[in-house]
Every structure is written in C-alpha cells, then in structure tokens.
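Reading through the structure tokens given below for one structure.
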Amino acid sequence: MSQLNAPTASAFTDNRSIDAMIYHFSLQMAALVAGAILCLLGAIGFAMEASARSMLARFPRSRGAGIVLLAIGLVWSFWLVSTMEMGEFSAFRRPFLFALPIGFLLTLRYVDEFLAVRALGILALLVAEPLLDAAFFHYESSRLVLSVLAYLLVVLGLIWVMVPYKLRDQINWFSQTTARWRVVSVSGFAYGATLIALAFLRY
C-alpha cells in the first residue's frame, strides 16, 4: 500500500515545488535567450574590437552605466519581493519594499566607486535564478550547459559585488592582447551557439 502511494506523494511534492517557482520559463526559452545574448556579445566584441575594448575599459568607472544597471536591479528586486511566495517571512514584505528604494538612493549617494561593477554583479545574481529555475525539473545531462552558465554568473556576481576592482583587472587581462580578446569573444559566441543548438535539438 505504501508503495502504491509513493508516486502520488512524489507527484504532490513536485506540484508544490512547481507552484513555488518564481519564474516559469521553459528550458528551451531560457537557453535561446541566454544563447542569443552570448552570441550577440561575442559577435560585437569580435567585429567591433577597437570600440568594444575602449567602451569596456571605461565601464567600471562609468557612473551613468551604474545608475542604469542599479535601477534595473531595483525594479527587478521590487517585483520579486512584491510577487514571490515568502511563507513565514510574509510579514517582512512591506518593510523590504520600503527598504529597496531607500537602499538604492543610499547606494547612489555613498557607494560611488565602481558603482557600475557592483550593479552588474547584482544583475548577474538576478539573472542566474531564472536560468536555474528553467533547468530545475529536467534530468538530461545537456541541461548542465545552461546550469554551468548560471553558476558562473553567481560566482562572478558575488565577486563583482564584494570585490569590484576584480572586473577591472579581468578586463585589463583579456584586453591586453588581441589574441586574448578574440579568444574570449569567440568563446562567448561558441557557448551561445551551443545553447541555441541545444534549445532546438534537445530541449
């Protein structure tokens, strides 16, 4: 009898987990979007090398880019706190909603150095969640191509938020020679193309 009931309990658990998911992107859609972005960045980096290298070198100190990226992070975070299931922490929803814009303004006022890098790190952490969400209930090994990208974003996001000058050092390293720049550009494009191919063939 317990064996007969086991699949039902498992299905019930899976249904509860699905209902608790924040995003509802399919694995195919997540791979297509991530792949397209990587292909676009790789193609721009390779085809417009001089201007792309110059723009990227200025990025870590760009206050304008920092404000824009931080504003995107604020809107995204505000939407998440407003709509996500918080369970026993639901009582903190309203204080969090008040704290987010206050934190945004205080960050603009007092965290001026490498603001763009910190904001990019926050976005990297936010982007990783829907990618992992999309791959969560899939068991084929090809899903790991997307999951690896998500965990890479988590690691880089934490580094950029806590040690923002690391992005400047990373940019300086792969911009130091044309060969390094092109390897990074081609690698990003190839990774994106792989995700797009998997989206059509496997997902």
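The values are calculated or read from the model by the stated rules, or taken from the named source; none is laboratory data. Worth saying up front: this structure is predicted, and the values here are computed from it rather than measured. Cβ: placed from backbone, ideal geometry, glycine included. Neighbour counts: every protein chain shown. Just the protein is used for accessible areas: all its heavy atoms, side chains included, with ligands, DNA and RNA removed. Shrake-Rupley method; radii C 1.70, N 1.55, O 1.52, S 1.80 Å.
Can you tell me the 0 to 90 degree angle between the C-alpha axis of helix 178-201 and the longest principal axis of the chain, rounded to 10?
Result, in degrees: 20.
Output the 0 to 90 degree angle, nearest 10, between the alpha-carbon long axis of helix 63-83 and the longest principal axis computed from the alpha carbons of the chain.
On a 0 to 90 degree scale, this one is about 10.
For mean projected area of the Cα convex hull in nm², one of [x] 14.1; [y] 16.0; [z] 11.9 was computed from the structure I shared and the rest are decoys. Which label?
Here the calculated entry is [x].
When the accessible area of the range 117-167 is split by element with a 1.4 Å probe, what percent falls to carbon and sulfur? Could you put the intermediate results ahead of the total?
Details: 1870 of 2450 Å².
That fraction is 76 percent.
Quick one: helix 165-175 against the long Cα principal axis of the chain, what's the angle to the nearest 10°, folded into 0 to 90?
Helix 165-175 and the main axis of the chain meet at about 70 degrees.
Pull out the extension gain between Ile159 and Ile37, defined as 0.36 nm times the separation in residues minus the alpha carbon to alpha carbon distance; nm, one decimal. Please list the in-between numbers first.
Numbers: separation 122, 0.36 × 122 = 43.92 nm, distance 2.16 nm.
Roughly 41.8 nm would be gained on extension.
Taking the solvent-accessible surface of protein heavy atoms with a 1.4 Å probe, what is the per residue accessible area of the chain in Å²?
Solvent-accessible surface per residue comes out at 62 Å².
So which trypsin sites (Lys or Arg not before Pro) in the range 160-203 end up in coil per DSSP with only 15 or fewer other C-beta atoms within 10 Å? Please report the intermediate quantities before stating the final value.
Numbers: sites: Lys166, Arg168, Arg180, Arg182, Arg202; in loops: Arg202.
Here the sparse-neighbourhood loop sites are Arg202.
In the neighborhood of Leu100, defined by Cβ-to-Cβ distances under 14 Å, what is the net charge if each Lys or Arg adds +1 and each Asp or Glu adds -1? Write down the numbers at each step before the final one.
Details: positive: Arg93, Arg94; negative: none.
Here the charged neighbours net out to +2.
Per DSSP H run of n ≥ 4, the term is -39500 (n - 2.57); total these for the chain, divide by its residue number, and report the mean residue ellipticity at 222 nm rounded to 500 deg cm²/dmol. Display every interim value, and only then the final one.
Values: 9 runs with 164 residues, N = 203.
So the calculated ellipticity at 222 nm is -27500 deg cm²/dmol.
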